[in-house]
Amino acid sequence: MNKVAILTYKHISLFELGCATELFSLPRPEIKNWYQTDVICFQTEALETTGGMTLSPHQVNHLKNYQTLVVPCWSVNQPQVPKKIASEAKRLIKRGGRIISFCSGAFFLAEIGLLNNRTATTHWVYAEQFKQRYPQVEYLEDILYQYDGIVGCSAGSAAAIDLGLEVIRQDYGHQICNQVAKRMVMSPHREGGQSQFVETPISKRPDNLATTLDWAVKNLATPIDVDLLAIKSNMSRRTFDRKFRAALNLSPKEWINQQRVHLAKNILETTRDPIEIVAINSGFENALTLRHNFRKYLQLSPTQYRRQFGRSKEN
């Protein structure tokens, strides 16, 4: 059983706190061995939050009972961490636990030294302030989140949900992750390496791009190229390429390959199919192409991925 603590403090942001509780605290009796979560604080008095609301979280003196600590956000202007909280967080990591932060929560991780010589991100608004205060951290621009299984941090607001879903995927697998995302009316999963924002106004007239991408996701195992997507969107290839990059900040070909990697991960987790069959069923031409894309996007091989995340059983 994974015991989770969601850390609160005075004037905490309710949005990020809400993301944390929705992801890890909401009861899900249909999922075996789901997280057991407490919203905690190290203070004795009730906490006033953004908007003047008052919280009465579970008061604790230590984190011995928890395997995961979630830091929904943290003060940017006064990021110093109280000694008691800092020491408990470090002990949690030393005994094999993990800490994930949302948005400005990266300042908490960096302040107590857990991001030293690690890659990290936070909301783009705080990027320069973060880089100046923590030069020992390798700050990554324009990504949604960074997570190595021990320490994780996300960009602003909605990216918190993406990081949370990645944690759930690694803990419970692809299908459970999708199940949670569906209940939250969210896309199943966005890879961490996507841009935090794209400076493109929303079109006043809907076009066929979203419909085309939905079709592509359902037909990844079939031959799909960019020309076909352009035709289905009723656009010229040049117009399609331009609109696609403006909307998603990556090329159509990159997007197709990422979606196929996403499908291949699901197959690897849930079946024992040979790698060559996994490649074909996820739309790659052969196992070599599948391995190339896994190395490119995940920095590991399909076999390594299955060994780490596979949940299928021998009959």
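At a glance:
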{"quantity": "Some residue of the stretch 97-113 being assigned by TED's automatic domain parsing to the domain that holds Cys153, loosely packed, with under 13 Cβ neighbours inside 10 Å and out of contact with any Gly (no Cβ under 9 Å at 6 or more places or on another chain)", "calculated": "no"}
{"quantity": "Matching entry among Ala264, Ala246 (being out of contact with any helix residue (DSSP H, G or I) (no Cβ under 8 Å at 6 or more places or on another chain), of a type in the set (Gly, Ala, Ser) and surrounded by 13 or more Cβ atoms within 10 Å (Cβ to Cβ))", "calculated": "Ala246"}
{"quantity": "Any hit, the stretch 251-272, residues being over 20 Å from Asn208 (Cβ atoms) and not in a helix (DSSP H, G or I)", "calculated": "yes"}
{"quantity": "Residues that are in contact with a Phe, Trp or Tyr (Cβ under 7 Å, 6 or more places away or on another chain) and either at pLDDT 80 or above or in a helix (DSSP H, G or I) (or both), drawn from the stretch 143-163", "calculated": "Gly152, Cys153, Ser154, Ala155, Ala159, Ala160, Asp162, Leu163"}
{"quantity": "Subset of the stretch 259-277 (residues that are of a type outside the set (Lys, Arg), at pLDDT 90 or above and closer than 28 Å to Asp142 by Cα)", "calculated": "Gln259, Val261, Leu263, Ala264"}
{"quantity": "Test: residue in the stretch 66-74 that is over 17 Å from Ile161 (Cβ atoms), in the same structural domain as Cys153 (by TED's automatic domain parsing), surrounded by fewer than 20 Cβ atoms within 10 Å (Cβ to Cβ) and of a type in the set (A, V, I, L, M)", "calculated": "no"}
{"quantity": "Residue, surrounded by the fewest Cβ atoms within 10 Å (Cβ to Cβ), within the stretch 278-315, restricted to residues that are at pLDDT 90 or above and among the aliphatic types (A, V, I, L, M)", "calculated": "Leu288"}
{"quantity": "Residues of the stretch 264-313 satisfying the condition of being among the β-branched types (Val, Ile, Thr) and in contact (Cβ under 8 Å) with a residue 12 or more places away in the chain", "calculated": "Ile267, Thr270, Thr271, Ile275, Val278, Ile280, Thr303"}
{"quantity": "Unique residue being assigned by TED's automatic domain parsing to the domain that holds Pro72, in a loop (DSSP other than H, G, I, E, B) and either at pLDDT below 90 or over 25 Å from Asn65 (Cα atoms) (or both) when the list is Gln179, Gln129, Gln136", "calculated": "Gln136"}
{"quantity": "Residue that is within 21 Å of Ile168 (Cβ to Cβ), at pLDDT below 95 and small (Gly, Ala, Ser), where the choices are Ser25, Ser75, Ser56", "calculated": "Ser25"}
{"quantity": "Meets criteria (modelled with pLDDT of 80 or more, outside any helix (DSSP H, G or I) and of a type in the set (Ser, Thr, Tyr)) for Thr212", "calculated": "no"}
{"quantity": "Residues of the stretch 22-35 satisfying the condition of being closer than 10 Å to Ala5 by Cα and out of contact with any helix residue (DSSP H, G or I) (no Cβ under 9 Å at 6 or more places or on another chain)", "calculated": "Ser25"}
{"quantity": "Any hit, the stretch 43-51, residues being outside any strand (DSSP E or B), modelled with pLDDT under 95, out of contact with any strand residue (DSSP E or B) (no Cβ under 6 Å at 6 or more places or on another chain) and surrounded by 21 or more Cβ atoms within 10 Å (Cβ to Cβ)", "calculated": "no"}
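So that you can scan it fast, the table gives a plain yes or no per residue for (1) hydroxyl-bearing (Ser, Thr, Tyr); (2) closer than 23 Å to Gln175 by Cβ:
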{"residue": "Leu248", "(1), (2)": "no, no"}
{"residue": "Trp255", "(1), (2)": "no, yes"}
{"residue": "Ile275", "(1), (2)": "no, yes"}
{"residue": "Ser282", "(1), (2)": "yes, yes"}
{"residue": "Glu285", "(1), (2)": "no, no"}
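The values are calculated or read from the model by the stated rules, or taken from the named source; none is laboratory data. Note that this is a predicted model, so its numbers are computed, not measured. Neighbour counts are summed over all protein chains in view; Cβ atoms, including those assigned to glycine, are modelled from backbone coordinates with ideal geometry.
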